[in-house]
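What follows draws every value from the coordinates through simple rules; no lab data is involved. Bear in mind the structure is a predicted one, so any value in this text is a computation, not a measurement. We place every Cβ from the backbone using ideal geometry, glycine too, and count neighbours over all the protein chains shown.
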Ligand SMILES: [Zn+2]
């Protein structure tokens, strides 16, 4: 089931204190409307009861969609630096809930689940988009690396992510997005062949593919941080 917890919030515009139902976990099988809200970039958007100012809570919850085979631990964008520790912690949560340490009935469900760890709303949304259009997320991150080689002026930096927004046809919609504010720095399109070519012949990318898929944190961001080099 989906779980919400009353939380006292302070409006950043007028300092009004009010109570909001903050999400603790999402069960998208039972609440497909919550999945829709994540895709529409509206989930956990708060409207101040006094001045109507809108702001969004940062993600800090577990997302489950058995039908689509997704289990995602979503954390705030600012927690990215701690991705190694968070990866260990969330893997343990998954193991207890659906993995080796879970009851057999839960393990049976867990075998169809792909556990993932994301930081920030754009990263979470991207995982839902990838599943929707049938892309393998490890191959997709490899495709990003390939794309970066041809984008010398890419604004890649800690906290600035390259994210797939959508694309069911020949073109893919991408954007450089600030992970915390969700501000788009640059929206652009690339041919779907970027992904299809690598998916067809992933051989040359085997080493980086293995590195990206080595933990539930499947994101090229980890390659551009100190810890990513240690993991290699
Ligand atoms: Zn307010």
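By count of other Cβ within 10 Å, fewest leading, how are 192, 116, 81, 149 ordered?
Details: 192 17, 116 23, 81 14, 149 8.
The most exposed by this proxy come first: 149, 81, 192, 116.
Can you compute the helix-only [θ] at 222 nm over the chain? Use -39500 (n - 2.57) per DSSP H run of at least 4 residues, normalise by all residues, nearest 500 deg cm²/dmol. Write out the running numbers ahead of the final one.
Details: 8 runs with 77 residues, N = 232.
Roughly -9500 deg cm²/dmol at 222 nm, from the helical runs in the chain.
Evaluate E = 1/(1 + (r/R0)^6) for residue 102 and residue 41, where r is the Cβ-Cβ distance and R0 equals 41 Å; express this FRET efficiency to the nearest 0.05. Spell out each step's value before the answer.
Numbers: r = 33 Å, r/R0 = 0.79.
The calculated FRET efficiency here is 0.80.
In the stretch 58-231, how does Rg compare with the Kirkwood Rh, expressed as the Rg/Rh ratio over alpha carbon atoms? Present the calculation step by step, with values, prior to reporting the outcome.
Working: Rg = 15.9 Å, Rh = 16.7 Å.
That ratio equals 0.95.
Arranged by the count of other C-beta atoms within 10 angstrom, fewest first, what order do 49, 215, 150 take?
Ranked by crowding around the Cβ, least crowded first: 150, 49, 215.
Measure off 7 Å from each Cα along the Cα-to-Cβ vector at residue 15 and residue 189, then give the distance between these two points in nanometres to one decimal.
4.9
DSSP beta bridges in the chain, what fraction antiparallel, as a percent rounded to 5? Numbers along the way, then the final one.
Values: 30 of 39 bridges.
Once the DSSP bridges in the chain are tallied, antiparallel ones form about 75 percent.
Quick check: from the Cα gyration tensor, does the stretch 70-132 come out rounded (a/c under 1.5), prolate or oblate? Numbers along the way, then the final one.
Working: a/c = 3.72, a/b = 1.43, b/c = 2.60.
The shape class here is oblate.
Please arrange 135, 18 by counting, for each residue, the other beta carbons lying within 10 Å of its beta carbon, fewest first. Write down the numbers at each step before the final one.
Details: 135 20, 18 14.
Listing 135, 18 from fewest to most nearby Cβ atoms yields 18, 135.
Once you have a ≥ b ≥ c as the square roots of the Cα gyration tensor eigenvalues for the stretch 1-59, tell me rounded if a/c is under 1.5, and otherwise prolate or oblate according to whether a/b is larger than b/c.
Working: a/c = 3.17, a/b = 1.84, b/c = 1.73.
Here the stretch 1-59 falls in the prolate category.
Cα gyration tensor of the stretch 169-226, axes a ≥ b ≥ c as square roots of the eigenvalues: rounded (a/c below 1.5), prolate (a/b > b/c) or oblate? Let's see the in-between values first.
Numbers: a/c = 2.90, a/b = 1.13, b/c = 2.56.
Oblate, because a/c is 1.5 or more while a/b does not exceed b/c.
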